[in-house]
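Step one of this worksheet: look at the structure below.
Nothing in this text is a laboratory measurement; each read-out follows from the coordinates by a stated rule. Nothing here was measured: the structure is a model prediction, and the numbers come from that model. Neighbour counts run over all protein chains shown; Cβ positions are idealised from the backbone, glycine included.
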Amino acid sequence: MKFTGRMWIFEDKNINTDQIFPGKYTYDPLTPEQMAEHAMEDYLPTFAKEVKKGDILITGKNFGSGSSREQAVTCLKAVGVAAVVGVSFGRIFYRNAINNAFPLLQCPQAAAFIFENKESLKDEKIEVDLVEGTVSIKEKNFKFPSLKREALSIFKAGGLLEYSKQKLEEK
């Protein structure tokens, strides 16, 4: 599972789930496509209109902290974000991402390199390889802990729900 995309660099620490998906929409019965319209709305209001399918976010420490709002993962995935490469992630947000087959890659070295060189890298593409556990940009390669076999199986199935259905069918 490998993909390449354009970068969005969000260097701030503690971007929380309310900034990723505004709390005022939490209890509205929105489809994933409707949630996508509000992705990152409280952090960067133009994001949902400017992001392109396959783009990759580069984030600082503790991205996705805060509430256990699953919509934060759903809206990013639905708006077309392919993955998030970050210094670290909120634990519940991280688990929600696995359940929804949305790659969050903890790679502080890659994030630091990108933050330090953001002006010269702003038009560069970034490549992520989930199986090999690598992030590559401008001939630089960084390792992140590759996903465990079970997590990769959830990703390949398309999320925990589909993975569970497959497991039940096997029995």
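Structure notes:
- Candidate values (i) 50, 37, 25; (ii) 47, 36, 34; (iii) 44, 38, 31, label of the one derived for Cα extents along the principal axes in Å: (i)
- Highest-fluctuation residue, 70, 124, 41 considered, GNM on the chain with Cα pairs under 10 Å: 124
- Over the range 2-170, relative contact order from alpha-carbon pairs under 8 Å, at least 6 apart, %: 23 percent
- The lysines within cross-link reach of residue 171, meaning a Cα-to-Cα straight distance under 28 Å and a gap of 8 or more places when in the same chain, are 148, 156.
- Under 13 Å from the Cα of residue 118 - aspartates and glutamates, other chains or at least 8 residues apart: 11
- Cβ-placed point charges (K, R +1; D, E -1), dipole of the range 2-170 about Cα centre in debye, nearest 20: 380 debye
- For the residue pairs 13/138; 24/138; 52/167; 24/125; 13/140, the C-alpha atoms sit more than 32 angstrom apart in 24/138; 52/167; 24/125.
- Choice from 157, 111, 97 showing the highest fluctuation, given a GNM over the chain with Cα pairs closer than 10 Å: 157
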